[in-house]
Amino acid sequence: MSNTSSYIEIKDLVVKYGKVEALHGISLNVKKGEIVTILGANGAGKTTLLASISGLIRPSSGTILFDGQPIQNIDSAEIVKRGIIQSPEGRRVFSTLTVWENLLLGAYTNHDKQKEKDILEWVFTLFPRLKERLKQLAGTLSGGEQQMLAIGRSLMGDPKLLLLDEPSLGLAPLVVRQILAAAKEINERGVTVMLVEQNAVAALKIANRGYVIEVGRIVMDGEAHALMHNPEIQKAYLGG
Amino acid sequence: MDIFITQLSNGLAIGSIYALVALGYTMVYGILRLINFAHGDLFTIGAYFGLTILVSFALQGNVSPLIIPWILIIMAAIGVAIIGFLLERVAYRPLRNANRLAAVVSAFGASIFFANALKLIYSPNRQSYPADIINLPNIPIFGVDIQSKRLIMFGTAVLLMALLYWYINHTRTGTAIRAVAIDQGAAKLMGINVNKIISLVFIIGPALGGAAGVLMGLFYGQIHPEMGFSFGLKAFVAAIIGGIGNIPGAMLGGLLLGVVEAIAGGYVSGSWKDAIAFGALIVILIFRPTGILGERVADKI
Ligand SMILES: Nc1ncnc2c1ncn2[C@@H]1O[C@H](COP(=O)(O)OP(=O)(O)O)[C@@H](O)[C@H]1O
Ligand SMILES: [Mg+2]
């Protein structure tokens, strides 16, 4: 599915943990401005895929092209600078730092003060709760608020491509809707989004396209509405 | 009461040195879960650098006694910081993903290397800072004459700690150091270069340790190549008392250890002071196993 207009294009990606292969040759692409969701059960390899994009793990073979440049051998700090920012699974906020300090760290690579201010304003309009809790330690926030902080913190780095790893994990349905609505809004502001989810219904509602991973391989892909109505998907992920 | 105030001032002075050294243990532990057993030797190296600078630039008599400590501290701190930086590169970084025991062995190796290098370069015998470098009158506090050099020593150490505290808590890089100590993976996702932060910690900790060595030489006079062993051990205990990995904890632990030790020495006897001090500290650890300000569970050592 090679496509010249791909913003990020992954080809035959193989990733191993020691001798155990977790991704057996994954290929996928995301175009500029899209929301693409990656669906799959626990242990399928979704987090591993995002970790290799973010430069946390070196793939053993395959390529990752971002904006036409290979990035599979570039280290994580440089990847953030180029505009690929990840909000990790389980939120991973810095729990003994304040909300404000967490946001500041999100802007670690951004040295443009004015831009930092503008983004901060935007983060506060997306998640007004964060503004009320700026001085609080991140570890004292509720799960939903921590997720808002994790996403807000990623935005502070001024992402071009935002990687969201299971943002709905462990949250009440109402909060899930809020978070995914925010993801949609972020996308409408021009940020390309890769959304990893187990909650297929919620993810497919906001995505343009989706891929399904099973044990390290892509087994299906297509337009979001087509996937939503695909009987196999309905059986496996939508409880229908 | 007089004994109490005198011993309190002695205790705070030596305690502030323990605290400076304890900071190096605690910062490295916080970021790598590694106990840098060579840190005590960096303190010793600082003391020797200070003496060398003092002698080779003939500072005494030519420069104000209030300025001399700062010249020595800054130059020795820079020298020891370079050694700390190299220590991490050579002895610890290659073992980052090896098992923990390998790094411990490497730390002891580095410690032995430093002590012996000092013996070779200087001499295995004691050496002395001139006794009269800082020759100022005593200052009365609550009716008790306190040696002004104790005050200068304490004030200098506290100032260095205040600077560190400000840097760690109020600058972006300081915040990044704390973030790396909490979650390296998440810190990488912020675009923080974790290796650079680790190097920075191996610059700051040894710089403070080197500064402490200079203060030790200036105010207690005698130095020898192996003094870092027992002194480092005490500073390490101070870090544990405060809660290892916790920066204000190391400051508090150092001061507390110094004071308990001095008071025990003043009221009981000099030869019992270590036993009493360590006994008191064991009691603290019985009631707070993670140290006074430590929060995390005791999976530490
Ligand atoms: N750090 C690791 N070391 C070894 N194996 C791992 C590690 N992380 C994940 N795995 C394995 O890789 C596979 C994919 O895991 P992961 O990417 O976390 O899946 P997902 O995010 O889809 O739940 C699983 O079999 C998992 O056990
Ligand atoms: Mg996962």
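Give me the Kirkwood hydrodynamic radius of the stretch A:9-114 in Å, from all C-alpha pairs, to one decimal place?
About 15.3 Å, per the Kirkwood formula over Cα pairs.
Quick one: Kirkwood hydrodynamic radius for the stretch B:1-100, alpha-carbon pairs, angstrom, one decimal?
Across the stretch B:1-100, the inverse of the average 1/r is 15.9 Å.
Over the alpha carbons of the stretch A:103-158, what is the largest minus smallest coordinate on each principal axis, giving the biggest first in Å?
Result, largest extent first: 31, 19, 17 Å.
In the structure shown, do any of A:Lys115/B:Lys188; A:Lys184/B:Lys188; B:Lys119/B:Lys149; A:Lys19/A:Lys205; A:Lys16/A:Lys81; A:Lys81/B:Lys234 have a Cα-Cα gap over 32 Å, and if so which?
Pairs exceeding 32 Å: A:Lys19/A:Lys205; A:Lys81/B:Lys234.
How big is D for the stretch A:78-228, in µm² s⁻¹ as a whole number, if Stokes-Einstein is applied with the Kirkwood radius of its Cα pairs at 10 °C and 1.306 mPa s?
Estimated via Stokes-Einstein, D reaches 101 µm²/s.
Between beta-carbons, use under 15 Å as the cut-off and find the net charge around A:Thr98, counting Lys and Arg +1, Asp and Glu -1.
Around A:Thr98, the surrounding residues sum to +4.
Report, by chain and number, residues whose modeled amide H sits under 5 Å from the one on A:Ala22, excluding near sequence neighbours (fewer than 5 apart, same chain).
A:Val15, A:Lys16, A:Tyr17
Which aspartates and glutamates, on any chain, are close to A:Lys160 with Cα under 13 Å apart, when same-chain ones fewer than 8 places away are left out?
Excluding near neighbours in sequence, the set is A:Glu34, A:Asp67, A:Glu188.
Please report, in whole Å, how far the alpha carbons of the stretch A:36-95 spread along each principal axis, starting with the longest.
29, 28, 22
Per residue, what accessible area does the protein assembly as shown have, given a 1.4 Å probe and all protein chains present, in Å²?
Heavy-atom accessible area per residue stands at 43 Å².
How far, in degrees from 0 to 90, does helix B:273-287 lean away from the longest principal axis of the Cα atoms of chain B, to the nearest 10?
Relative to chain B, helix B:273-287 is tipped by roughly 40 degrees.
Using a Gaussian network model on chain B with a 10 Å cutoff between Cα atoms, which of B:Leu23, B:Leu42, B:Leu118 fluctuates the most?
Fluctuation is largest for B:Leu118.
In the Gaussian network model of chain A, springs joining C-alpha atoms below 10 Å, which of A:Gly139, A:Gly40, A:Gly152 carries the largest mean-square fluctuation?
A:Gly139
Only Lys, Arg, Asp and Glu count, each charged at its Cβ (+1, +1, -1, -1), so figure out the dipole size of chain B about its Cα centre, rounded to 20 debye.
840
Would you mind listing how long chain B runs along its three principal axes, going by Cα atoms, in whole Å with the largest first?
Projected onto its principal axes, the Cα set of chain B covers 56, 47, 37 Å.
Can you compute the charge dipole magnitude of the stretch A:1-60 about its Cα centre, using +1 on each Lys and Arg Cβ and -1 on each Asp and Glu Cβ, nothing else charged? Give it in debye, rounded to the nearest 20.
Once rounded to the nearest 20, the dipole reads 120 debye.
Could you check how much of the accessible area of the stretch A:126-240 is carbon and sulfur, as a whole percent, using a 1.4 Å probe?
About 52 percent, which is the carbon plus sulfur part of the accessible surface.
Roughly what angle does helix B:2-32 make with the longest principal axis of chain B, taking Cα atoms, 0 to 90 degrees, to the nearest 10?
20
One-quarter of the Cα convex hull surface for the protein assembly as shown, in nm²?
29.2
Can you list the aspartates and glutamates whose alpha carbon sits under 17 Å from that of A:Lys235, skipping same-chain ones fewer than 8 residues off?
Straight-distance partners of A:Lys235: A:Glu197, A:Glu214, A:Asp221.
How big is Rg to Rh over the stretch B:169-301, alpha-carbon atoms, Rh as the Kirkwood inverse-mean-distance radius?
Result for the stretch B:169-301 is an Rg/Rh of 1.04.
Dipole size in debye (nearest 20) for the stretch B:1-111 around its Cα centre, Lys and Arg Cβ +1, Asp and Glu Cβ -1?
For the stretch B:1-111, the charge dipole is close to 520 debye.
Leaving ligands, DNA and RNA out of it, work out the accessible area of B:Tyr267 with a 1.4 Å probe and give it in Å² to the nearest 10.
Ignoring ligands and nucleic acids, B:Tyr267 comes out at about 120 Å².
Can you check how the C-alpha radius of gyration of the stretch A:125-196 compares to 2.2 N^0.38 Å, as a plain ratio?
So the stretch A:125-196 has a normalised radius of gyration of 1.05.
Which of rounded, prolate or oblate describes the stretch A:171-218 when judged by the alpha-carbon gyration tensor and an a/c cut-off of 1.5?
oblate
With a/c under 1.5 counting as rounded, go ahead and sort the stretch B:219-274 into rounded, prolate or oblate using the C-alpha gyration tensor (a ≥ b ≥ c being the square roots of the eigenvalues; past the cut-off, prolate if a/b is larger than b/c, else oblate).
oblate
Mind checking the log10 I(q)/I(0) for the stretch B:107-188 at q = 0.12 Å⁻¹? Debye, one equal scatterer per Cα, no solvent, two decimals.
Rounded to two decimals, the profile gives -0.79.
Give the lysines reachable from A:Lys11 as a straight Cα distance under 16 Å; neighbours fewer than 8 places away on the same chain don't count.
Filter leaves A:Lys31, A:Lys46.
Given the options B:Phe154, B:Phe114, B:Ile133, identify the residue whose Cα lies farthest towards the positive end of the charge dipole of the stretch B:106-201 (+1 on Cβ of Lys, Arg; -1 on Cβ of Asp, Glu).
Looking along the dipole axis, the top candidate is B:Phe114.
The values are calculated or read from the model by the stated rules, or taken from the named source; none is laboratory data. No experiment lies behind these values; they were computed from the predicted model shown. Note: ideal-geometry Cβ built from the backbone for every residue, glycine included; neighbour counts use all protein chains shown. Heads up: the accessible areas ignore ligands, DNA and RNA and are worked out on the full protein's heavy atoms, side chains in. Shrake-Rupley method; radii C 1.70, N 1.55, O 1.52, S 1.80 Å.
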